[in-house]
Every structure is written in C-alpha cells, then in structure tokens.
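Taken together, the values in this text are just the output of simple stated rules run on the coordinates, not laboratory data. Here the structure is a predicted model, which means the values were calculated and not measured. With ideal geometry, Cβ positions are generated from the backbone for all residues, glycine too; neighbour counts draw on all protein chains shown.
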Amino acid sequence: MNLLRFDSEDAWVNGACALWTDRLRHNPRLKLCLPTGLTPTAIYGEMVRRVGAGLASFAEASIFALDEFGGLSAGSPGLTRNTLRRQLIDEIDLPLNAFHWLEVGTEDVDRTCERYDAAMADGLDLVLLGIGPNGHLGMNEPGTPADSRTRRVDLHESTIHGSARYFPELLPHQLPRWGITVGLEAILASKEVWLLATGSAKAPIVQRAFLGEVTPDIPASLLQRHGNCSVFVDAEAGALL
Ligand code: GLP
C-alpha cells in the first residue's frame, strides 16, 4: 500500500489529478470505476478543468459507476448516476455510451448485476473509492466477503442516515435503505485502486483500515492485500497514520 499524504486539500486534489492525468496519457482507454459522495467532488471539478484546458482527455476511456441507491425516482439528483453526470461525465469528452451505470428500476436486478459484472469482466484499470465511517467501500458494508459480486444490498442504519447529506430534499424516513453495488471482487481485481479520504472525521477509520487487522468487518482493510493500492489523505484524514 502506498500512502500519499498531502498538506492541504488543494494539494490533495492536485496530486490525485496529476496522477489521474498521467494514467490517461499512458492508457487513453483507461477503464475506470468511480464513486460519488462528498470526497471526490473537488477532484472531479479539477479533472473537468483539465479536460477543458486540453490537459486531459477521456475520449477513449470508459467509466463504471461504483454503486446506486434504490427506491428513488430516476430524476433524483442524489442518485449516483445523476451526481456523476453532473459533476464529471457531462462536462468532459467521454462518449455517453462509455458511461455505465446501475439500473435499479428493473424487475430483474440479478440480471442487471450479471450484465454489469460481464461488462467489467476483462478487468478494471483504476478504481477510485471513498471510505464510509464503518469502513464500507461503495455499498459493501462490514461483513462483505472479498469475493462478493455486483448485487443488491441493504444499507446499514448508519449509512442510511449518513446519506442524508446527498438527499437534502428527503425526510429521514424517505432516505434510501438499499442499493446495488459493485462487489469487492471486481474492486480487488482492479489493476490499481485509490482510496481517497479528507478531513478529521475520517482519521479513525483510515487508521483502523490501514494499520489494523485485515478483516471483512472493515471492508477497506482488505485493500492492504492489494498489490497496487494508494491511499490519498490530507493532513487531517492521515493524522493517525
Ligand atoms: C457513501 C458511499 C460511498 C462513499 C462513502 C463516503 O455511503 N456509498 O461510496 O465513498 O459513503 O462518503 P463521503 O465521501 O461523502 O464521505
């Protein structure tokens, strides 16, 4: 595991985007899996700026959404696919058919998941991840086995309440209680994985995940066994490392 520590959030954004730009230059057909959440927002903004300035291109890349919330209307702004489109996809030169997202509205969720795994079957090049306060990755909650596939999952109570910040228009009882997530198997099989964390609230879980025992009880700790995983932290998130 490579620990990349940055003094400020600006340095953290620029550091991650410089490396992302570099990966796209070396492999224009980069196959990416991307999260939403508050953590990557500034990184997506900087990549949009770089594409606009002609410094980076996604013209031959492909992007898979990491997860999706269930039970909401298709237009809900907090859905992963809508958030990714707004913050990144619609502002860069990626062809729209190279953006893959999880359709939660279908009757046959299992089939949707099988198709998604099949589309990723030749392997991801780079997965970006945030980290949940309980160590979850995407919607892979504590207890998820390392060989889990893309599937429907129930969210933990703390994750449900934590998602209120993505859905300011919803009352607590309207928050999504389930979702579909890419499994740990595809994440751990990616050629490269970046775990992104900022702010003091993430410091304790970052410490447990990367200095503690490797256990499915903290899904992020499984990244310790990945041969090419980088952990990007600002000073606050990395304070206990
Ligand atoms: C959410 C998402 C994750 C995200 C994590 C951290 O529940 N399902 O994909 O990485 O929690 O979110 P944030 O970046 O907003 O702190």
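For this structure, a couple of remarks:
- Neighbour-count ranking [beta-carbon atoms within 10 angstrom, fewest first] of M120, M1, M47, M139: M1, M120, M47, M139
- Neighbour-limited loop hits for GluC sites (Glu not before Pro), segment 124-222 (at most 15 other Cβ within 10 Å; DSSP other than H, G, I, E, B): E169, E213
- Relative contact order of segment 8-80, pairs being alpha-carbon contacts under 8 Å that are 6 or more residues apart, as %: 37
- Label reach from R165 (point 7 Å along Cα→C-beta): in segment 197-230, amide nitrogens under 14 Å belong to 197-205.
- Ranking of T150, T106, T198 by count of other Cβ atoms within 10 Å, fewest first: T106, T198, T150
- For the chain: rounded, prolate or oblate by the Cα gyration tensor [a/c cutoff 1.5]: rounded
- Karplus-derived HN-Hα couplings along segment 214-221 (A = 6.51, B = -1.76, C = 1.60, θ = phi - 60°), whole Hz, x at Gly and Pro: 7, 8, x, 5, 10, x, 4, 5
- Value of Rg/Rh across segment 129-241 [Cα atoms, Kirkwood radius]: 0.97
- Sparse-neighbour loop sites [GluC sites (Glu not before Pro); segment 17-81; at most 15 other C-beta within 10 Å; DSSP]: E60
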